[in-house]
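Have a look at the structure below before the remarks.
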Amino acid sequence: MFYNHLRGELWKLFGKKRTYIGFGTFLLAQNAMLLLFHFTHWQEGMERNLAGNGYPAQDYVSALTVALIMLIPQIVMLMPLYIALVGGDLVAKEAEDGTLRMILCRPISRFQLLTAKWVAGMIFAAVLVLVLGATALGFARCWFPWKGMFVFAPGMVFNALSASEGLKLYLCSHLFLTINASVILGIAFMFSCFNMKPAAATILALSFLFVNVVMEGIPFFENYRQWLLTHYFQVWLLVYSQPTPWERLGESLCVLLAFSLTSFLIGTAAFQARDIKS
């Protein structure tokens with residue numbers, strides 16, 4: 001029964017046009033950035049960093065490097081928006097349309113209903129991240145050669161990798177990106193379980209993330225960053241560090257998974273207390 005219900009939720013989710021807004025926006029943004037990369041002198045700063053550390057710059061202006069550079073602003077600005085948009089719709093939209101009453105007339109508990117919707121949302125988050133990474137690398141390969149990979153994130157990572165090693169870490173980083181996306185969707189899903197409109201659930205989820213980002217950037221809160229969720233989102237970039245900070249990766253993974261589970265349980269508790277049928 002759960003499999004059939006999950007399949008139905010996936011049909012509903014991927015049957016909505018607004019589900020694909022994020023995919024289309026990512027494609028447009030990536031192609032616009034590639035045109036700028038190809039016809040401007042964007043690589044000069046990167047070449048100076050490489051040359052200053054003894055690396056031949058011509059070996060690292062590659063598809064892998066460009067793909068990662070394209071991903072960073074999209075992950076920071078666009079991915080939370082479109083993940084939260086879908087997560088805020090999962091429950092609140094059906095409550096707004098009145099279809100939840102019909103669904104709850106079937107022999108299925110509220111917990112089973114929410115679990116199916118939550119798993120469908122996690123699958124959407126994974127698909128979005130997979131498409132984002134695959135298209136970024138595919139489009140970058142059309143414009144740039146397949147060479148080594150250079151990763152630079154101020155204060156976190158500075159590393160030059162071979163093409164094979166860079167590809168492995170690129171794929172590994174997307175596993176952590178999927179966890180990040182799942183946490184964002186879980187926050188929006190939690191608010192969606194309360195008695196509010198879909199837009200309100202989306203805005204609250206984005207506001208929560210925005211407050212975390214702002215507080216993390218304020219020097220006063222430097223000693224309290226471990227209490228901010230976005231501090232642990234950086235784990236996908238730490239994958240490229242040398243040596244690999246396994247302790248930090250494990251800590252971030254545990255915190256993110258625990259936060260995702262907690263948001264689901266809070267949303268479930270709120271939904272159990274709601275009066276849907278009256």
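The values are calculated or read from the model by the stated rules, or taken from the named source; none is laboratory data. Note that the coordinates shown come from a computational prediction; the quantities given were computed from them, not determined experimentally. Heads up, the Cβs are rebuilt from the backbone with ideal geometry, glycines too, and the neighbour counts pull from every protein chain shown. For the accessible areas, the whole protein counts, side chains as well, though only heavy atoms, and no ligand, DNA or RNA atoms are used. Shrake-Rupley method; radii C 1.70, N 1.55, O 1.52, S 1.80 Å.
Taking 0.36 nm per residue of separation and subtracting the Cα-Cα distance, full extension of the segment from Phe14 to Leu167 would add 52.1 nm. Would you please classify the overall shape of the stretch 2-273 from the alpha carbon gyration tensor, given that a ≥ b ≥ c denote the square roots of the eigenvalues, rounded means a/c under 1.5, and beyond that prolate means a/b larger than b/c while oblate covers the rest? Because a/c hits 1.5 or more and a/b exceeds b/c, the stretch 2-273 counts as prolate.
Compute the FRET efficiency between His38 and Ala269 as 1/(1 + (r/R0)^6), taking r as their Cβ-Cβ distance and R0 = 45 Å, and round to the nearest 0.05.
Numbers: r = 52 Å, r/R0 = 1.14.
My answer for the efficiency is 0.30.
Just the accessible area for Trp143, please: 1.4 Å probe, Å², rounded to the nearest 10? Roll a 1.4 Å probe over it and Trp143 shows about 100 Å².
For the chain, give the percent of accessible area contributed by carbon and sulfur heavy atoms, probe 1.4 Å, rounded to a whole number.
Values: 9360 of 13790 Å².
Taking all protein chains in place, the chain shows 68 percent carbon and sulfur surface.
Straight-line cross-link reach from Lys147 at under 19 Å between alpha-carbon atoms covers these aspartates and glutamates, not counting any fewer than eight positions away in the same chain: Glu44, Glu47, Asp59, Glu165. Where a ≥ b ≥ c are the square roots of the eigenvalues of the C-alpha gyration tensor, would you call the stretch 129-244 rounded, which needs a/c under 1.5, or, failing that, prolate if a/b is larger than b/c, or oblate? Oblate, since a/c reaches 1.5 and b/c is not below a/b. In the structure shown, the pairs Lys16/Lys168; Lys17/Lys168; Lys12/Lys117 are assessed against 22 Å; a Cα-Cα span above that value is assigned to Lys16/Lys168; Lys17/Lys168.
For the chain, hydrophobic long helices are taken as DSSP H runs at least 20 Å long by C-alpha position along their axis with mean Kyte-Doolittle hydropathy of -1.0 or more; these are 21-39, 110-143, 163-192, 198-217, 246-273.
Using a 1.4 angstrom probe, figure out how much accessible area the chain has per residue, in square angstrom, rounded to the nearest whole. Present the calculation step by step, with values, prior to reporting the outcome.
Values: 13790 Å² over 278 residues.
On a per-residue basis, 50 Å².
With all protein chains in place and ligands, DNA and RNA left out, the 1.4 Å accessible area ranks Arg110, Arg7 as Arg7, Arg110, largest first.
Within the set of other residues whose C-beta is less than 12 Å from the C-beta of Phe271, count the net charge using Lys and Arg as +1 and Asp and Glu as -1.
Working: positive: Arg110, Lys117, Arg274; negative: Glu94, Asp275.
Spelling it out: positives minus negatives among the neighbours equals +1.
Could you give the distance between the Cα centres of the stretch 183-210 and the stretch 116-171, to the whole Å? Their Cα centres are 27 Å away from one another. For Lys93, the aspartates and glutamates whose Cα comes closer than 14 Å to its Cα, not counting residues fewer than 8 places off in the same chain, are Glu9.
Each residue, Leu228 and Val255, gets one label point 7 Å from its Cα in the Cβ direction; the gap between the two is 1.1 nm.
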